[in-house]
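Below is one structure, written out as structure tokens; the observations come after it.
The values are calculated or read from the model by the stated rules, or taken from the named source; none is laboratory data. Because the structure is predicted, anything quoted here is derived from the model rather than measured. Using ideal geometry, Cβ is built from the backbone for each residue, glycine included, and neighbour counts are taken over all protein chains shown.
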Protein chains: 2
Amino acid sequence: MKTIETVAEMVQLAKAWRKDGKRVGLVPTMGYLHQGHLSLVAAARLDSDIVVMSIFVNPTQFGPNEDYAAYPRDLEHDQALAEGAGVDYLFAPQPGDMYPKGYSTFVNVEGVTDYLCGAKRPGHFRGVATVVSKLFHIVQPEKAYFGQKDGQQVAVLRRMVADLNMPVEIIARPIVREADGVALSSRNVYLSAEQRQQAVVLSQGLAKARDLFIQGERDGEALKQVVTDTIQSASLAKIDYVQLVDNLTMAPVDRIAGEAMLAVAVYFGETRLIDNVLLAIESE
Amino acid sequence: MKTIETVAEMVQLAKAWRKDGKRVGLVPTMGYLHQGHLSLVAAARLDSDIVVMSIFVNPTQFGPNEDYAAYPRDLEHDQALAEGAGVDYLFAPQPGDMYPKGYSTFVNVEGVTDYLCGAKRPGHFRGVATVVSKLFHIVQPEKAYFGQKDGQQVAVLRRMVADLNMPVEIIARPIVREADGVALSSRNVYLSAEQRQQAVVLSQGLAKARDLFIQGERDGEALKQVVTDTIQSASLAKIDYVQLVDNLTMAPVDRIAGEAMLAVAVYFGETRLIDNVLLAIESE
């Protein structure tokens, strides 16, 4: 595995791959890798001649009071994990190389960003869409792989790719969880032992709702209520949102008719965790 | 020459060209072609294996009170001119194909759009950046050709391409003028005979300023004043702006130090004409 540290070098490589007709798969990450990221690499490995992982803690997707400076970083450890998982090229640019002096272009995805984390974190998805747009132009992948844990991110990027006619396919992969059900996240490292123990209420609540759904429950309030009750049983949990939304538009739905996402964001102290489950009625 | 009417067909062609390593040159236009557009084709022809011209009157770059519906269109005549000039593929999609129901992604270039037409036409350059971004993804050209008449557009697109790392080179070509100096524009067709006669004051004023500049004048007010005086000598002309700006950032400058653009926008009745001249101090 080779680590590429500048945009210019990455552009040259991508140009050569394009000329040679290589199928490039891209796994964009902010680093501090876990099995969720590595499951994306495994999927990319199956589809691609060349697997590129980017590691870039993207400043434009953090709000002024968020954890950009504190976001966990460990490039050496990430390099070992990425290489072990089958990454060919690790692209780890510097912020000043991605956003040089005078930088002033942003990609805005409207509508789908009005809800959930988009409503709670103004500017977050503008930063995500912008940096992913840049990564797509730099690396020129055929396919790009994202975790379903950031379910709204997947919806935003699918909308962006379709609207701007980007020649990239967005592949979403299932959430990877710890043995007790907690969704893997680089931010789990912030949790105290007690918070970590209680964090299981997110996935437990969602699992209960999914069971209700499988038994035939279609009512949004009923499904959200069981999640809310479960989360509120944890003394350290503070709910940011519990929402049932259309999986394409992210707009709230009262009853499940097609494919919905039941999504939660919960604070444990300063740490904000998200999780979700897809509840889809199979069309026959 | 082949006319392509759907995005899907254009995407398939571009994919095949990419695979075959063809050098594709793109000339984006809104149609109603004149020699200015055809000079772009000539430039593209020299650099490219395949020359694509797009004709699309882009609704998102017109304000609510602007001339979208009235903008002149003549596809058959354009086809003849494009074929004669050496276009290989004419891409003429429908608005509903470019902006289907639910469309919601926009590219915003900040800063460079705060001045000149950007200040006078809110949302105009958002529409331009968005549609050009789409065209770049659909056609995947190596180079794209634009007229210097829309000088701010060139600056906006150069900023966009650099910021978003798009694998495209923006080529700006000189303004093409009528024998009397009037810059070619599809909107000239709106002018009455008398307005058309008086429209010569734009290029006459700019030419006088350029002469002063060559004689050593560097002061912005002096250069703008000669343009203003010349335009005001035309009874039907109403000045929208006369501005001296930095050619990269489009920010106003008081004195010319590097490369500046002296730009004007003038109304004749409802018709808004623009023109400009580059005033550059050669670095030694």
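Couple of notes before you dig in:
- Inspection of the range A:138-147 identifies at least one residue that is under 19 Å from the mean Cα position of the chain (by Cα), away from chain B (no Cβ under 14 Å) and either closer than 30 Å to A:S233 by Cα or of a type in the set (S, T, Y) (or both).
- Residue within the range B:178-200 that is within 21 Å of B:V52 (Cβ to Cβ) and outside any loop (DSSP other than H, G, I, E, B) present: yes
- In the range B:231-248 there is at least one residue that is part of a helix (DSSP H, G or I), more than 18 Å from the chain's Cα centre (by Cα) and farther than 25 Å from A:Y103 by Cα.
Conditions tested, residue by residue: (1) surrounded by fewer than 22 Cβ atoms within 10 Å (Cβ to Cβ); (2) modelled with pLDDT of 95 or more; (3) not polar (S, T, N, Q).
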site	(1), (2), (3)
B:V200	yes, yes, yes
B:Q204	yes, yes, no
B:A207	yes, yes, yes
B:R210	yes, yes, yes
B:R218	yes, yes, yes
B:K238	yes, yes, yes
B:D254	yes, yes, yes
B:A263	no, yes, yes
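- Of all residues making up the range A:253-266, the number that are under 22 Å from A:A183 (Cβ atoms) and either more than 18 Å from the chain's Cα centre (by Cα) or within 14 Å of chain B (Cβ to nearest Cβ) (or both): 2
- Within the range B:97-113, residues that are assigned by TED's automatic domain parsing to the domain that holds B:M10 reach partners that are loosely packed, with under 14 Cβ neighbours inside 10 Å with beta carbons closer than 7 Å, at six or more positions or on different chains, in the pairs B:D97/B:T6.
- Looking only at the range A:220-232, and only at residues there that are crowded, with 16+ Cβ neighbours inside 10 Å and either of a type in the set (D, E, K, R) or touching a residue at least 24 places away in the same chain (Cβ under 8 Å) (or both), the one that is nearest to A:D246 (Cα to Cα): A:G220
- In the range B:165-191, the residues that are touching a residue at least 12 places away in the same chain (Cβ under 8 Å) and not assigned by TED's automatic domain parsing to the domain that holds B:K134 form no Cβ pair under 6 Å with any partner that is surrounded by fewer than 16 Cβ atoms within 10 Å (Cβ to Cβ) and of a type in the set (G, A, S), whether six or more places apart or across chains.
- Test result for A:M160, touching a strand residue (DSSP E or B) at 6+ places or on another chain (Cβ under 9 Å), within 14 Å of another protein chain (Cβ to nearest Cβ), buried (at least 21 other Cβ atoms within 10 Å of the Cβ) and in contact (Cβ under 8 Å) with a residue 60 or more places away in the chain: no
Residue-wise test of (1) within 14 Å of chain A (Cβ to nearest Cβ); (2) under 20 Å from the mean Cα position of the chain (by Cα); (3) not basic (K, R).
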site	(1), (2), (3)
B:A69	no, yes, yes
B:D74	no, yes, yes
B:D78	no, yes, yes
B:A82	no, yes, yes
B:V87	no, yes, yes
B:F91	yes, yes, yes
B:K101	yes, no, no
B:S104	yes, no, yes
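- Within the range B:7-30, considering residues that are part of a loop (DSSP other than H, G, I, E, B) and in contact (Cβ under 8 Å) with a residue 24 or more places away in the chain, the one surrounded by the most Cβ atoms within 10 Å (Cβ to Cβ): B:M30
- Test: B:N108 is in contact with a His (Cβ under 6 Å, 6 or more places away or on another chain) and not β-branched (V, I, T): no
- Residue in the range B:1-21 that is farthest from B:E83 (Cα to Cα), counting only those that are of a type in the set (D, E, K, R) and more than 11 Å from chain A (Cβ to nearest Cβ): B:E9
- Residue within the range A:49-63 that is buried (at least 19 other Cβ atoms within 10 Å of the Cβ), within 14 Å of chain B (Cβ to nearest Cβ), of a type in the set (G, A, S) and within 29 Å of A:A119 (Cα to Cα) present: yes
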